[in-house]
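**Q** I'd like to ask some things about the structure below.
Just so it is clear, none of the values below were taken in a lab; they were calculated from the coordinates. Everything numeric in this text was worked out from a predicted model, so none of it was measured. Every residue, glycine among them, receives a Cβ derived from its backbone with ideal geometry; neighbour counts consider all protein chains shown.
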Amino acid sequence: MEPIIINNTSQPELVKDIIDSIRQIYDPEIPVNVYDLGLIYKIQVDDDARVIVTMTLTTPNCPVADSLPNQVESVVMLTEGVSDAHVELTFTPPFTIDMMSDEAKLELGLL
């Protein structure tokens, strides 16, 4: 499942940079970054380079439920050109392996 990208900024490279930043964060239990794992549902960037990331976790009682969204928010905030960042957590729709990129599935031996 590809994330929904809403880019309302005149900086087309900013979204690519945000995605590259998010790809630095790995789920501690699965050796795949959270973007390719399919945990990122939406990235919104407005004219003022404020970013809202909507994401999920592999399970609602995930042991990193407190830290993983904070890590994503931190790396996005540190991305050059971003003026503000916020992460919204959702469990709708619930995570399934179908949301993973083909690269992630290959990495985990699922393809």
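**Q** What is the angle, in °, between the Cα long axis of helix 68-77 and the longest principal axis of the Cα atoms in the chain? Nearest 10 is fine, range 0 to 90.
**A** 30
**Q** In debye, nearest 20, what is the charge dipole magnitude of the stretch 4-97 about its Cα centre with +1 on Lys and Arg Cβ and -1 on Asp and Glu Cβ, if you could check?
**A** 240
**Q** Still on this structure, please answer the following. Which of these, 70, 33, 61, has the largest mean-square fluctuation under a Gaussian network model of the chain (Cα springs below 10 Å)?
**A** The residue with the greatest mean-square fluctuation here is 61.
**Q** Could I ask something else about it? Is it possible to state the helix-based mean residue ellipticity at 222 nm for the chain, with each DSSP H run of 4+ residues giving -39500 (n - 2.57), the sum divided by total residues, to the nearest 500 deg cm²/dmol? What is it? Please list the in-between numbers first.
**A** On the way: 4 runs with 31 residues, N = 111.
Theoretical 222 nm ellipticity from helices: -7500 deg cm²/dmol.
**Q** For the stretch 54-93 and the stretch 1-47, what is the separation of their Cα centres, given in Å?
**A** Their Cα centres are 10 Å away from one another.
**Q** Still on this structure, I have one more. What's the FRET efficiency of residue 29 with residue 7 using the Cβ-Cβ distance as r and R₀ = 30 Å, to the nearest 0.05?
**A** Step by step, r from the Cβ atoms, then E = 0.45.
**Q** Something else about it: With all distinct Cα pairs included, what does the Kirkwood hydrodynamic radius of the chain come out to in Å, to one decimal, could you say? Please report the intermediate quantities before stating the final value.
**A** Numbers: mean 1/r = 0.0713 Å⁻¹.
Result for the chain, one decimal place: 14.0 Å.
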